[in-house]
Amino acid sequence: MTATEATGLAEPGLEAHFDEVIAAEQRIEPRDWMPDAYRATLIRQIAQHAHSEIIGMQPEGNWLTRAPSLRRKAILLAKAQDEAGHGLYLYAAAETLGIDRSELTEKLISGRQKYSSIFNYPTLTFADVGVIGWLVDGAAICNQVPLCRCSYGPYARAMVRICKEESFHQRQGYELLMTLMRGTEAQRRMVQDAVDRWWWPSLMMFGPPDGDSPNSAQSMAWRIKRHSNDDLRQRFVDMTVPQAEHLGVTLPDPALRWNEGRGSWDFGEPDWSELKQVIKGQGPCNEQRVERRRAAHEDGAWVREAALAYAQKRRAERGADRD
Amino acid sequence: MEPIVTETRAGWPLYEVFVRPRRGLNHVHVGSLHAPDDRMALLNARDLYTRRNEGVSLWVVRSDAITASTPDEQDPFFAPSGDKVYRHPTFYDIPEDVPHI
């Protein structure tokens with residue numbers, strides 16, 4: 001039975017009911033009626049988010065075998081495992097909207113769905129691992145905390161789990177950087193270099209400026225999105241500046257200064273043409289990231305097939321036992 | 001380009017995962033995952049949903065084995081309980097000075 005038949009309402013009534021649920025700050029659940037565009041927007045956003053988690057394992061995975069100590073290696077492994085977990089929570093949330101996970105994987109490796117542009121930058125030194133935890137995961141937390149109150153129940157619940165775990169990611173990154181900053185002059189330079197390279201891409205993680213973000217208004221009306229890109233970016237800058245001071249690094253923005261009137265930090269304009277280029281596929285690592293994901297998927301096909309064949313054989317055996 | 005291998009589409013079924021956070025509490029639904037069989041579903045559920053001691057017991061059940069009511073709040077399925085206020089203790093007026101009731 002579909003929801004339409006169950007409630008016996010014509011579509012306008014269903015839409016009005018959907019709007020009421022949203023306005024009352026209640027959650028939409030998988031089998032509720034929802035506008036097609038709401039469903040499509042969520043699938044696109046959740047899939048992109050899931051892909052980001054999965055692709056996000058690669059830049060840090062680059063340092064797994066070269067972590068400087070067993071402690072750092074165990075931490076980094078746990079973090080990469082979390083990213084895989086986050087991807088799976090999100091794919092599961094997307095599937096409640098009626099799309100199949102294998103279809104999403106296919107769309108990722110054929111370039112028809114995107115992931116966060118931040119993961120198309122290379123990790124050149126071990127300090128990058130720390131800076132990713134601090135800045136990239138810090139920016140992700142700013143983006144994700146409001147998503148815990150997203151109007152779509154399964155997405156909101158996945159985000160609650162994710163946010164709890166992201167806090168570990170950010171703190172391990174900051175601690176890693178504090179350790180390097182207490183080290184040699186060369187180590188401090190390494191941290192500053194990583195900050196210089198990741199600062200602007202981190203600011204771009206919040207998306208284009210509000211005036212150039214055509215889908216934002218509808219997403220906010222649907223309570224999928226709670227704050228505008230520029231608001232979240234400002235919040236991130238305000239949170240991060242004191243952390244940078246404490247760490248003893250310089251954020252590479254000459255326009256950065258405290259604005260007493262606003263009670264916020266003024267900061268420079270990111271290079272939006274760079275963001276556009278990276279989204280279009282011209283970032284330093286786009287091809288490598290997608291190719292590696294494709295190879296992992298295709299090289300793993302025999303495992304998936306073998307597990308399925310084994311399960312079918314066991315079922316057949318059990319069926320024979322019962323006869 | 002050829003379509004990518006899609007063997008899992010009709011393959012690994014979907015499971016729902018329930019975790020008992022600690023003794024004395026019910027198992028609670030936490031999410032879902034794909035697995036080829038029950039045992040792998042349990043192992044995957046452990047790795048996916050209990051990486052930080054979130055549970056002392058796990059259930060997995062194939063999603064297609066669940067029978068569900070329709071989800072909507074306006075569902076007439078729940079109508080029978082809607083008009084029976086006398087099932088609630090607050091329905092009954094008892095003088096303030098009657099103790100322990």
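Only the coordinates and a few stated rules stand behind these numbers; no lab work does. Note that this is a predicted model, so its numbers are computed, not measured. FYI the Cβ positions are ideal-geometry reconstructions off the backbone, even for glycines, and counts take in every protein chain you see.
Across peptide B:34-45, what mean number of C-beta atoms from other chains lies inside 10 Å of a residue's C-beta? Spell out each step's value before the answer.
On the way: counts 8, 3, 11, 7, 2, 2, 4, 0, 0, 0, 1, 0.
That average works out to 3.
Ratio of the range A:45-174's C-alpha Rg to 2.2 N^0.38 Å, to two decimals? Walk me through the numbers on the way to the answer.
Numbers: Rg = 14.5 Å, N = 130, 2.2 N^0.38 = 14.0 Å.
Cα-based Rg divided by the globular estimate yields 1.04.
Please sort by residue number the trypsin sites (Lys or Arg not before Pro) in the range A:185-276 whose DSSP state is loop and whose Cβ has at most 14 other Cβ atoms within 10 Å. Write out the running numbers ahead of the final one.
Working: sites: A:ARG188, A:ARG189, A:ARG197, A:ARG223, A:LYS225, A:ARG226, A:ARG233, A:ARG235, A:ARG257, A:ARG262, A:LYS276; in loops: A:ARG223, A:LYS225, A:ARG226, A:ARG262.
Taking the range A:185-276 and a limit of 14 other Cβ atoms within 10 Å, the loop trypsin sites (Lys or Arg not before Pro) found are A:ARG262.
Let me have the relative contact order for chain B, percent, based on Cα pairs under 8 Å that are six or more residues apart. Numbers along the way, then the final one.
Numbers: 103 pairs, mean separation 24.6, N = 101.
Normalised by residue count, the contact order of chain B is 24 percent.
What nm value, rounded to one decimal, do you get for the distance between A:LYS73 and A:GLU185 when each label is placed 7 Å out toward the C-beta?
3.2
Please give the charge dipole size of the range A:187-323, origin at the Cα centre, charges +1 on K and R Cβ atoms and -1 on D and E Cβ atoms. Round to the nearest 20 debye.
On the way: 22 positive and 22 negative charges, 153 e Å.
That gives the range A:187-323 a dipole magnitude of about 740 debye.
Quote the charge dipole size of the protein assembly as shown about the Cα centre in Debye, to the nearest 20; the model charges only the Cβ of Lys and Arg (+1) and of Asp and Glu (-1).
Numbers: 52 positive and 60 negative charges, 343 e Å.
About 1640 debye.
Name the residue farthest towards the positive end of the dipole of the range A:52-195 from the options A:TYR174, A:THR184, A:ASN62, assuming +1 on Cβ of Lys and Arg, -1 on Cβ of Asp and Glu, about the Cα centre.
Value computed over the given set: A:THR184.
Label-point separation (nm) for B:ASP38 and A:GLU287, each offset 7 Å from Cα along Cα-to-Cβ?
Between B:ASP38 and A:GLU287, the label points sit 5.0 nm apart.
Please compute the modelled spin-label separation between B:GLU96 and A:ASP299, points set 7 Å along Cα→Cβ, answer in nm with one decimal.
7.7
Residue by residue through A:79-91, how many Cβ atoms from other chains fall within 10 Å of the Cβ on average?
What the average comes to for A:79-91 is 2.
Pull up the cross-link candidates among the aspartates and glutamates for A:LYS313, meaning alpha carbon to alpha carbon under 14 Å and not fewer than 8 places away within one chain.
A:GLU305, A:ASP321, B:ASP37, B:ASP38
Extension gain A:ALA16-A:ALA316, at 0.36 nm per residue separation less the Cα-Cα distance, in nm?
Full extension from A:ALA16 to A:ALA316 adds 103.0 nm.
Over the whole of A:101-114, what's the average partner chain Cβ count within 10 Å per residue? Rounded to a whole number, please. It would help to have the intermediate numbers written out before the result.
Values: counts 6, 10, 3, 0, 4, 5, 1, 1, 2, 4, 1, 0, 0, 0.
Mean number of neighbouring Cβ atoms from other chains: 3.
May I ask you to list the lysines whose Cα is less than 27 Å away from that of A:LYS280, ignoring any residue fewer than eight positions away on the same chain?
Those lysines meeting the cut-off are A:LYS107, A:LYS114, A:LYS225.
What's the Kirkwood radius of the range B:25-101 in Å, using all Cα pairs? Walk me through the numbers on the way to the answer.
On the way: mean 1/r = 0.0583 Å⁻¹.
That comes to 17.2 Å for the range B:25-101.
Give me the Å³ per residue figure for the convex hull around the C-alpha atoms of the protein assembly as shown. Present the calculation step by step, with values, prior to reporting the outcome.
Numbers: hull volume 105.0 nm³, N = 424.
Value for the protein assembly as shown: 248 Å³ per residue.
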